[in-house]
Every structure is written in structure tokens, then in C-alpha cells.
Amino acid sequence: MRVALARRTREQELGQRIVGASPAFRGAVEMVERVAASEVDTILMQGESGSGKNVLARHVHALSSRRARPILE
């Protein structure tokens with residue numbers, strides 16, 4: 001139980017640490033926030049290795065109504 005709580009806390013903290021200044025990145029973050037507010041079941045993120053897909057996926061999860069449940073990667 002403590003591990004699950006620690007994981008959720010970490011995911012919420014990661015979701016709050018997204019920073020970026022470029023218009024393209026800000027647009028991606030805005031899209032992620034819209035998706036997080038929706039009730040879609042599955043999200044497919046594509047991009048090159050190291051582009052931040054995992055960070056954005058965790059941000060979606062932290063903002064979603066399912067944030068109390070584990071993230072599936």
C-alpha cells in the first residue's frame with residue numbers, strides 16, 4: 001500500500017514539473033491536458049526516442065480521473 005501511495009505521489013509531482021517554452025511544446029502540453037480531461041480509454045503517443053513521450057504520458061495520467069489507479073505503459 002505504501003508503495004502505491006509513493007508511486008501516485010511521484011506521478012502527481014512529475015505531472016506538475018513539465019516546463020517548456022517553445023510554441024510546439026506548449027501546444028503539445030495543451031493537447032495533453034485536453035486529453036486528460038476526456039474519458040478516452042487509450043492514448044497512443046508517437047515520437048522519436050527521447051522526445052518526452054513518457055513524461056507527457058505521466059502528465060496525462062496525473063491529470064486524469066484515473067490518477068488513483070496505476071498507469072499502464
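The values are calculated or read from the model by the stated rules, or taken from the named source; none is laboratory data. Just so it is clear, the model here is predicted, and its values are computed rather than measured. With ideal geometry, Cβ positions are generated from the backbone for all residues, glycine too; neighbour counts draw on all protein chains shown. What goes into the accessible areas is simple: the full protein's heavy atoms, side chains included, and nothing from ligands, DNA or RNA. Shrake-Rupley method; radii C 1.70, N 1.55, O 1.52, S 1.80 Å.
The table below lists the values:
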item	result
Residues of the range 15-73 that turn out to be more than 28 Å from Leu5 (Cβ to Cβ) and touching a His at 6+ places or on another chain (Cβ under 8 Å), as a count	0
Scope the range 1-37; condition in a helix (DSSP H, G or I), modelled with pLDDT under 85 and touching a helix residue (DSSP H, G or I) at 6+ places or on another chain (Cβ under 6 Å); matching residues	Glu11, Gln12, Leu14, Gly15
All positions within the range 18-41 that are in contact (Cβ under 8 Å) with a residue 12 or more places away in the chain, under 13 Å from the mean Cα position of the chain (by Cα) and either farther than 15 Å from Ile71 by Cβ or loosely packed, with under 12 Cβ neighbours inside 10 Å (or both)	Ile18, Ala28, Val29, Glu33, Ala37
Residue among Leu44, Leu72 that is exposed (fewer than 15 other Cβ atoms within 10 Å of the Cβ), more than 11 Å from the chain's Cα centre (by Cα), at pLDDT 85 or above and aliphatic (A, V, I, L, M)	Leu44
Residues of the range 52-65 satisfying the condition of being outside any helix (DSSP H, G or I) and either open to solvent by 80 Å² or more (accessible area, probe 1.4 Å) or modelled with pLDDT of 85 or more (or both)	Ser64, Ser65
